[in-house]
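The values are calculated or read from the model by the stated rules, or taken from the named source; none is laboratory data. Since the model is a prediction, treat every value here as computed from it, not as a measurement. Neighbour counts are summed over all protein chains in view; Cβ atoms, including those assigned to glycine, are modelled from backbone coordinates with ideal geometry. Areas reflect the complete protein model, heavy atoms only, side chains present, ligands, DNA and RNA absent. Shrake-Rupley method; radii C 1.70, N 1.55, O 1.52, S 1.80 Å.
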Amino acid sequence: MPNAEKTGAVAELSEHFATSSAAVITEYRGLTVKQVTDLRKALGRDTTYSVVKNTLTKLAAADAGVTIDDALLTGPTAIAFVKGDPVEAAKGLRDFAKTNPLLVIKGGVLDGKTLSAAEVNKIADLESREVLLSKMAGVLKALPTRAAGLFQAPLSQMARLAKALEEKKPAEAAAPEAPAEETPVAEAPVAEVEEAVEAPAPVAEDSTEASAEPAE
């Protein structure tokens, strides 16, 4: 591949990493063109499933400031760049792999943190972003001015907030009932809400898929 073409491919992959909230690395050895096409359709337009070259992917990840274990970039590699809900993308990949075992989930990256294959599967077992938001309805009512920012928060921060809310329930049930005028409104999760609102949300951009080429 000419240097100019390599530079362009690295730049495109680097943009994918920079604009995605998550990236799931897979091995697709043995899958037919039709199976790969079916997988792309199943993942939806918010996830770009791209066949990549390992050497160029390493350069692109480094350029985007993303750390990927070299062991994940061996053999025929394809990456699902997720610009929508990481939970839905993880579910789609896991479910496809169940019926198409030649697809192997090797690991990934979520909000800049490296994930193992087992952790990707755990994400697939989580509730979707919409369900998490519905569970936060009480907090949003208590803090209406922060609701808009929370809707843009990264999934990992929303999951922490949901966990804080769940942990708060048994504590409230065990605590003695305080006079109405002294009862704080949604005091426990406020810090978590502030963290979620203040963190910048990943910006979704349309991008074209990387060229389908064999791994080096």
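Structure data summary
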item: Neighbours by Cβ (under 7 Å, 6+ apart or cross-chain): first from the stretch 113-133, within 27 Å of Gly65 (Cβ to Cβ) and at pLDDT 85 or above; second open to solvent by 80 Å² or more (accessible area, probe 1.4 Å) and of a type outside the set (Ser, Thr, Tyr); result: Thr114/Asp69
item: Test: residue in the stretch 83-105 that is within 27 Å of Lys6 (Cα to Cα) and at pLDDT below 95; result: yes
item: Members of the stretch 35-46 found to be among the β-branched types (Val, Ile, Thr) and either open to solvent by 30 Å² or more (accessible area, probe 1.4 Å) or over 17 Å from Pro76 (Cα atoms) (or both), listed by number; result: Thr37
item: Search result, residues across the stretch 47-101 that are small (Gly, Ala, Ser) and open to solvent by 40 Å² or more (accessible area, probe 1.4 Å); result: Ala62, Gly65, Ala71
item: Scan of the stretch 19-34 for residues that are surrounded by fewer than 18 Cβ atoms within 10 Å (Cβ to Cβ) and closer than 18 Å to Ala89 by Cβ, ordered by number; result: Thr19
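A quick yes/no check of all residues on (1) at pLDDT 95 or above; (2) over 23 Å from Lys113 (Cβ atoms):
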{"position": "Leu13", "(1), (2)": "yes, no"}
{"position": "Leu39", "(1), (2)": "yes, yes"}
{"position": "Arg45", "(1), (2)": "no, yes"}
{"position": "Thr48", "(1), (2)": "yes, no"}
{"position": "Ala71", "(1), (2)": "no, no"}
{"position": "Ala80", "(1), (2)": "yes, no"}
